[in-house]
Amino acid sequence: MLSEAKHGIEFLLNSTTMSYTVLARRYRSTAFEGVIGQEPIAQTLKNAIKSGRIAHAYLFTGTRGVGKTSMARIFARALNAPATIPDCPIPPGEFDYPEQDVQDRMAKAIMSGDDLNVIEIDGASNRSVEDARQLIGNASLAPTGNARYKIYIIDEVHMLTKEAFNTLLKTMEEPPEHVKFILCTTEAHKVLATIQSRCQRFDFRNLPTSRIAEHLTNVLSQEKIEAETDAIWQVARLGNGSMRDALSLMDRLIATGATPLTAKILEEMLGLPPTEQVIGLIDAMAAGDIGNTLTQTAKLIDGGIAIEQFFDVLIERLRSLMLVAACGKDSELVELADDAREHAAKQAACFDAAGLVHMIALCENVQRTCKLSSNPRALLDAAMVRLALAEKMADVSAVLQGGNLPGGQKKN
Ligand SMILES: Nc1ncnc2c1ncn2[C@@H]1O[C@H](COP(=O)(O)OP(=O)(O)OP(=O)(O)O)[C@@H](O)[C@H]1O
Ligand SMILES: [Mg+2]
């Protein structure tokens, strides 16, 4: 079953057995526009097809889960089954493309990695020379059936041995007109320079949190699953620029069976401290209330988080506040849902950007010292008191000279 959803999203749930396919596979992009955040690459590839300047080898590089394999398959599909992609350019030159239904079948096989003329090779499991020889040995033979090109997609290409690379190099040097290579890798620096220089290279971007959040919202609404925007944004942030990581995390969250999905459930699932407690701690610091600061600190630590993680979450929150203080609450740099943004703006108003910079520096510093200390808890408490006492501590210049680091409350 293949149905084209809003952004060229493929729906692969096997409706007869209702076996579960993970979101990342079910929502693999099937059209150029569906590969979120990689629009310039999609546009360049489309232009190349239109003008007939299709290179014989491409190198797609970028972090894991940002759309390399998806784009490689879509490109292959555009070359061999253009009628299955709306507004898809057709390479110039004489060629009789097969009927729509044949192209549809081809497209489906290409997208699931089963097409005979779009050969997907996993560099990690086919590393040897023999493997390389076998796989590209028949490259000179014309494509089978009604296909126009024979396309080799070599995933994790950096895993090939040097000998295998060299075998590949020979074929890549002067491949027959009908052969195209698409090499994908997360580690471009491990790909031999001689290979790189034969390829047209595309660097896939890490995806902005806002685009990931948007996609997750879209996926959840198609799945008819309710979720708090806060939870969606937190999952998006935790994806760290990788759409696949975010979708996998969302799968885990959905598996909890909760409705609606909330940030609290996510935090429980990952053993993260509740955001409202972190916010409460910073409120106590902003008020200069030492007692409450220590109580809030104890609450978080008693909740079971390690001191290192405590600093991680505190630093992350302080960073959000710093961004709000420096760039305004509506800035794209602030990776928060709308409600959380408003709240962060109120909290950030108690500080100034420079002060927050110092708070972050202090946390980072003490986090490191704690790893070496036999009494990290004392250091942690002392650091929190220092942050709460910032008003009464040395000023910024003293800190820069190596004195006490103050917290960053705004002076009235
Ligand atoms: N840019 C993107 N837009 C939409 N979905 C994406 C994007 N990138 C990744 N995904 C999702 O993540 C899944 C995996 O993507 P893909 O295989 O293209 O990543 P990759 O860059 O090849 O990763 P890896 O380096 O781990 O092989 C896709 O099925 C899709 O659901
Ligand atoms: Mg891949």
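Data for the structure
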read-out	value
Percent accessible area from carbon and sulfur atoms, the chain, protein chains only, probe 1.4 Å	51 percent
Cross-link partners of Lys162 among aspartates and glutamates (Cα-Cα below 14 Å; sequence separation of 8 or more within a chain)	Glu130, Asp131
Principal axes of the chain: Cα extent on each, largest first, Å	79, 46, 36
Solvent-accessible heavy-atom area per residue, rounded to whole Å², over the range 32-117 at 1.4 Å	42 Å²
Förster radius 51 Å - calculated FRET efficiency between Arg252 and Ala139, Cβ distance, rounded to 0.05	0.80
Whole-Hz couplings from phi, Karplus 6.51/-1.76/1.60, listed for the range 86-94; x for Gly and Pro	x, 6, 7, x, 10, x, x, x, 6
Mean residue ellipticity (222 nm) of the chain, computed from DSSP H runs ≥ 4 via -39,500 (n - 2.57), nearest 500	-15500 deg cm²/dmol
Longest site-free stretch - the chain; sites: GluC sites (Glu not before Pro), DSSP loop, at most 16 other Cβ within 10 Å	227-331
Among Gly65, Gly34, Gly280, residue whose mean-square fluctuation peaks in a GNM of the chain (springs only between Cα atoms under 10 Å)	Gly280
Aspartates and glutamates whose Cα lies under 15 Å from that of Lys346, excluding same-chain neighbours fewer than 8 positions away	Glu276, Asp283, Asp330, Asp338
FRET efficiency estimate (nearest 0.05) - Cβ-Cβ, Thr194 to Ala55, R0 25 angstrom	0.95
Beta bridge orientation in the chain: antiparallel %, DSSP, nearest 5	15 percent
Prolate/oblate/rounded call for the range 96-155, Cα gyration tensor, a/c under 1.5 rounded	oblate
Simple Cβ-charge dipole of the range 209-269, Lys/Arg +1 and Asp/Glu -1, about Cα centre, in debye nearest 20	160 debye
Linear extension gain, Glu268 paired with Asp96, 0.36 nm per residue minus alpha-carbon span	56.2 nm
Exposure ranking of Val366, Val357 by accessible area [1.4 Å probe, largest first]	Val357, Val366
The range 313-368 shape via C-alpha gyration tensor axes, a/c threshold 1.5	prolate
Ranking by accessible area, most exposed first, for Tyr27, Tyr97 with a 1.4 Å probe	Tyr97, Tyr27
Selection from Leu169, Phe75, Ser248, by position along the positive dipole direction of the chain (Cβ)	Leu169
Accessible area of His56 in the full protein assembly, 1.4 Å probe (Å², nearest 10)	60 Å²
Debye log10 I(q)/I(0) for the range 230-308, one point scatterer per Cα, at q = 0.11, 0.13, 0.19 Å⁻¹	-0.36, -0.49, -0.85
Under 5 Å, built H, 5+ apart or other chain: amide partners of Tyr152	Ile119, Lys180, Phe181, Ile182
Of the DSSP H helices in the chain, those whose Cα atoms cover at least 27 Å axially and whose Kyte score averages 1.0 or more	307-327
Sequence of Asp330, Asp289, Asp155 when ordered by accessible area, the most exposed leading, probe 1.4 angstrom	Asp330, Asp289, Asp155
Simple spin-label estimate for Leu379 and Gln277 in nanometres, 7 Å along Cα-Cβ	2.2 nm
Spin-label pair Lys346/Arg368, simplified geometry with 7 Å Cα→Cβ offset, distance in nm	3.6 nm
Å² per residue, accessible surface of the range 209-269 at 1.4 Å	45 Å²
Overall dimensions of the range 74-187 as given by Cα atoms, namely Rg and Dmax in Å	14.5, 42
Alpha-carbon centroids, the range 321-340 and the range 359-383: separation in whole Å	27 Å
Filter on Lys68/Lys329; Lys150/Lys224; Lys150/Lys190; Lys190/Lys371; Lys180/Lys224; Lys108/Lys224 - keep pairs with C-alpha separation over 30 Å	Lys68/Lys329; Lys150/Lys224; Lys190/Lys371; Lys180/Lys224
Inter-label distance, nm, simple model (7 Å from Cα along the C-beta direction), Glu39/Val22	2.9 nm
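The values are calculated or read from the model by the stated rules, or taken from the named source; none is laboratory data. Since the structure is predicted, the reported quantities are computational estimates derived from the model, not experimental observations. A quick note on method: Cβ atoms are made from the backbone with ideal geometry, for glycine too, and the neighbour counts reach across all protein chains shown. The accessibility values were calculated without ligands, DNA or RNA, using every heavy atom of the protein model including side chains. Shrake-Rupley method; radii C 1.70, N 1.55, O 1.52, S 1.80 Å.
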